[in-house]
1. For the range 258-372, state the semi-axes of the equivalent ellipsoid (square roots of 5 times the eigenvalues of the alpha-carbon gyration tensor), sorted largest first and rounded to whole angstrom.
2. Per residue, how much accessible area does the range 179-243 have with a 1.4 Å probe, in Å²?
3. Over the range 221-335, with every protein chain in place, what whole percent of the accessible area is carbon and sulfur at 1.4 Å, could you tell me?
4. Rounded to the nearest 10 Å², what accessible area does Lys277 have for a 1.4 Å probe in the complete protein model?
5. How large is the accessible surface of Val284 in square angstrom, using a 1.4 angstrom probe and rounding to the nearest 10?
6. Compactness ratio of the range 235-307: Cα Rg over 2.2 N^0.38 Å, N = residue count?
7. If the cut-off is 30 Å between C-alpha atoms, which lysines fall inside it for Lys204, apart from same-chain ones fewer than 8 positions away?
8. Quick one: how many Å² of Leu35 are accessible to a 1.4 Å probe, rounded to 10?
Amino acid sequence: SGADPRALIPAGAGDGAVPSLLLRQDQQLEVLERLDFVVRNVVELRKEVEELRNSLRHLALEIVGEVRTHLEETQRMTRRRKFVFSRERSDSTGSSSIYFTASSGNANTDDGESEGGYSTANAESDYDRESGRESEEGEDDVSCDTVRTVRRNSLDLLPEDEGPLPLDSSLEEGLGQLLEQADRLHSGDEHDRREGFQLLLNNKLAYGGQQEFLWRLARAHSDMWELTGDADQRRAYASSGKEELELALQKWDQSAECHQWFAILCGQVSEYESIPKRIQAGYVFKEHIDKAIALKPQDPQLYYLLGRWCYQVAHLGWLEKRTVSALFEVPPTATVQDALQNFLRVEELSPGFSKAGRVYIAKCYKDLGNISAAALWMDLASELPGNTKEDVESERELEEMRS
C-alpha cells in the first residue's frame with residue numbers, strides 16, 4: 001500500500017527499536033476494505049459461473065427438444081413415402097475393397113514393381129452417368145465437406161463416463177425403419193448407395209449415439225470411398241468413417257461389425273500412403289478382422305476378408321518383405337494354403353457366396369500346382385453372376401487365367 005515502514009515503530013523509540021507488527025488504524029481499515037473487495041468479487045464470480053452453467057443446461061434441453069420435434073415430423077413424413085429399389089445386391093465383396101499390401105497377381109520378384117504392387121482389391125472409377133454428371137460431382141464435393149463438418153456431432157458429444165443415449169419408443173421405431181432402409185440402399189446400385197449415405201448423414205445428430213446406426217454410417221463412408229474418383233475425397237470419406245468407429249470401439253468393443261468396418265476403412269485410408277504405413281495398416285486390418293471373427297464366427301464375409309489378407313501377404317514382393325522385417329520384430333506370416341483354407345471356409349458357410357471368392361480359390365490351387373482343381377473352380381466361378389465391381393474384375397482375371 002506504499003506505507004512508510006517507520007510507521008511500524010512506536011513513537012519515542014530509539015534507533016535500535018524493533019518494528020512492531022501492529023498496523024495503524026487507517027492501515028487496518030485499508031486492508032479490511034481490500035479483503036472485502038476481493039470477497040465480493042469472488043462471490044459475484046461464483047454467481048456468474050452458476051448462471052452460465054444453468055444457461056448451458058437450459059440451452060441443451062432446448063436443443064434436444066427441437067431435435068426431437070424435428071425428428072417426429074421427419075418420421076411421420078418418412079412413413080408416407082415408399083421407396084422403390086431397383087434390385088438387391090449381395091453384400092459379399094462389394095464393400096470389402098481394401099486389404100493388406102500386395103496386388104492380386106502373382107508374386108513380385110524384382111524391386112521395381114514392388115511399389116506398384118500395392119493396390120486395392122477394387123479400383124473404382126468415377127461415378128459417371130450420361131445425365132446429371134456435373135450435378136453428381138457437385139454433390140460429392142458438398143457431401144465430402146459435410147462429412148468433415150458433422151464429424152463432431154457423434155459419440156464425442158457424449159460424456160466419457162456415459163453410455164449410449166436411450167431412445168424413447170417413437171425414436172426407437174424410427175431408428176428401426178431407418179436402419180432397414182439404409183441396408184436396402186447399401187444393397188442397391190451406385191445411386192442407392194449415395195442416397196443411403198446422405199440419409200444416414202442427415203440423421204446422425206439424432207442417432208449418432210447408437211451402435212447399429214454408427215457402424216452403418218461407417219459402412220456408408222466406405223461405399224462413398226468406392227464410388228468417388230477424386231483422391232482427396234476418397235481419403236476424406238475413409239478418414240471420417242474410421243474416426244466414427246474409433247469412437248464407437250471405445251464403447252462397443254464387442255461389436256463384430258464395428259471391428260469389420262474399422263479394418264476395411266483403415267485399409268482404405270492407407271491407399272495413398274507409403275509402403276511402411278500400408279504395412280502398418282495391414283497389421284491393424286488383421287487384428288480387427290480376427291476380433292470380428294471371434295465375435296461372429298459364422299460370417300462368410302469375414303473369412304473372405306481374411307483370405308484376401310493371407311493371399312496378399314503370401315505374395316509380398318522383395319521390397320515389401322524387407323520393409324516388414326525392418327518394422328516388426330515378428331513379421332506377419334501367411335501362405336497360399338492359409339488363404340485357400342479361408343476361401344474354402346467361405347464356401348462351406350455360404351456356397352456361391354461370391355464370384356470373386358471362387359476365382360481366388362482357383363488362383364490358390366493354381367499357385368499350389370493343382371491345375372485340375374483350379375480348372376474346376378474356374379468353371380464354378382463362371383456359373384455365378386457378377387453382382388459387384390469386384391466380381392467384374394474377377395471375371396477379367398478369370399479370362400486371363402483361361403488364356
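1. Taking √(5λ) for each eigenvalue gives 24, 19, 11 Å, largest first.
2. Per-residue value: 27 Å².
3. Answer for the range 221-335: carbon and sulfur cover 52 percent of the accessible area.
4. Its accessible surface works out to 110 Å², give or take rounding.
5. The accessible area of Val284 comes to roughly 50 Å².
6. My calculation over the Cα atoms of the range 235-307 gives 1.06.
7. Of all the lysines, those that pass the test against Lys204 - Cα under 30 Å, at least 8 places apart if same chain - are Lys82, Lys242, Lys251, Lys286, Lys291, Lys296, Lys389.
8. 100 Å²
The values are calculated or read from the model by the stated rules, or taken from the named source; none is laboratory data. Owing to the predicted nature of the structure, the values given are computational and were not obtained by experimental measurement. Heads up, the Cβs are rebuilt from the backbone with ideal geometry, glycines too, and the neighbour counts pull from every protein chain shown. Ligands, DNA and RNA are stripped out before the accessible areas are found, and what is left, the full protein with its side chains, is counted by its heavy atoms. Shrake-Rupley method; radii C 1.70, N 1.55, O 1.52, S 1.80 Å.
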